[in-house]
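Working notes for the structure below.
The values are calculated or read from the model by the stated rules, or taken from the named source; none is laboratory data. Nothing here was measured: the structure is a model prediction, and the numbers come from that model. Here the Cβ positions follow ideal geometry from the backbone for every residue, glycine too, while neighbour counts run over all protein chains shown. Note: areas computed on protein heavy atoms with side chains; ligands, DNA, RNA excluded. Shrake-Rupley method; radii C 1.70, N 1.55, O 1.52, S 1.80 Å.
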Amino acid sequence: QVQLVESGGGLVQAGASLRLSCAASGRTFSMYAMGWFRQAPGQEREFVAAITWTGGNSYYAESVKGRFTITRDIAKNTVYLQMNSLKPEDTAIYYCASSRYSITYIPRDYEYWGQGTQVTVSS
């Protein structure tokens, strides 16, 4: 079992930056990849970014590429999502998730999820 706790969300103006953190605990040695997903009210959960734990290979949704950066600190068992040039359409609950077997953009491929952190971007 892996426990994930997100933090760092908040209310910011368009164009601002925000850094989300996801602290992992438990059987972290079993993690192959960690990802960030987001979900706005009435919308389907969508992929944002993911990173392989050991290799640090990252992947991004086209909507955030160039603005968001995913990184991880192996020593701290923490993954980060640096969000720059935020737009109102980035407003959503952001979830951290871990995958034991692969790195994908499909939510159901991730076994463990955090509780989410709210990101609100005003215009």
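Annotations for the structure displayed:
- Flag for Arg67 being of a type in the set (Lys, Arg), over 15 Å from Glu111 (Cα atoms), open to solvent by 60 Å² or more (accessible area, probe 1.4 Å) and touching a strand residue (DSSP E or B) at 6+ places or on another chain (Cβ under 9 Å): no
- Qualifying residues in the stretch 80-123 (those that are in contact with a helix residue (DSSP H, G or I) (Cβ under 7 Å, 6 or more places away or on another chain) and modelled with pLDDT under 95) - the one farthest from Leu4 (Cα to Cα): Ser123
- The listed residue being within 12 Å of the chain's Cα centre (by Cα) and in contact (Cβ under 8 Å) with a residue 60 or more places away in the chain, out of Arg72, Arg38: Arg38
- Cβ separations smaller than 8 Å between residues 6+ apart or across chains give the following pairs from the stretch 19-35 residues that are in contact (Cβ under 8 Å) with a residue 12 or more places away in the chain to residues that are assigned to a strand (DSSP E or B) and of a type in the set (Phe, Trp, Tyr): Arg19/Tyr80; Leu20/Trp36; Leu20/Tyr80; Leu20/Tyr94; Ser21/Tyr80; Cys22/Trp36; Cys22/Tyr80; Gly35/Phe47.
- Restricting Trp53, Trp36 to residues that are surrounded by 13 or more Cβ atoms within 10 Å (Cβ to Cβ) and touching a Lys or Arg at 6+ places or on another chain (Cβ under 7 Å) narrows the list to Trp53.
- Residue check, Ser122 loosely packed, with under 15 Cβ neighbours inside 10 Å, under 20 Å from Val12 (Cβ atoms) and in contact (Cβ under 8 Å) with a residue 12 or more places away in the chain: yes
- Residue check, Asn77 farther than 23 Å from Gln3 by Cα and of a type outside the set (Gly, Ala, Ser): no
- Residues within the stretch 93-119 that are open to solvent by 20 Å² or more (accessible area, probe 1.4 Å), part of a strand (DSSP E or B) and closer than 16 Å to Ser25 by Cα, tallied: 3
- Gly8 meets all of the listed conditions (1) open to solvent by less than 30 Å² (accessible area, probe 1.4 Å); (2) more than 15 Å from Tyr112 (Cβ to Cβ) but one, namely (1).
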